[in-house]
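> Would you mind keeping the following structure in view while I ask a few things?
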Amino acid sequence: MSDNERPPNRRLVEAVYPAGTHLGYSRVSSNGMRGNVRDDRDNSLIGQAELFDAPDR
């Protein structure tokens, strides 16, 4: 089985990033997001979000 045939790893996480910013959108997956943090005003790259295990439901 090649890497392209393997299903992606999945993990439920909570992303934490500063107010006035947003997560970048994926160009690969529709409705997907990336860990990149961008400024709400000009969309400039700020840094990376911190990811934590999602709280139990």
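The values are calculated or read from the model by the stated rules, or taken from the named source; none is laboratory data. Source: prediction; values computed, not measured. For neighbour counting, all protein chains shown are included, and Cβ atoms are generated from backbone atoms with ideal geometry for every residue, glycine included. Ligands, DNA and RNA are stripped out before the accessible areas are found, and what is left, the full protein with its side chains, is counted by its heavy atoms. Shrake-Rupley method; radii C 1.70, N 1.55, O 1.52, S 1.80 Å.
> If you go through region 19-54, how many residues are in a loop (DSSP other than H, G, I, E, B), open to solvent by 60 Å² or more (accessible area, probe 1.4 Å) and in contact with a strand residue (DSSP E or B) (Cβ under 7 Å, 6 or more places away or on another chain)?
So the answer is 1.
> Let me ask something else. Report every pair of residues separated by at least 6 positions or lying on different chains whose Cβ atoms are under 9 Å apart, first residue within region 17-32 and β-branched (V, I, T), second in a strand (DSSP E or B).
T21/V37; T21/R38; T21/D39; T21/I46; T21/G47
> Under 7 Å between Cβ atoms, at least 6 apart or on separate chains: pull out the pairs that start in region 41-57 with a residue that is among the polar types (S, T, N, Q) and end on any residue that is open to solvent by 80 Å² or more (accessible area, probe 1.4 Å).
Within 7 Å, no pair qualifies.
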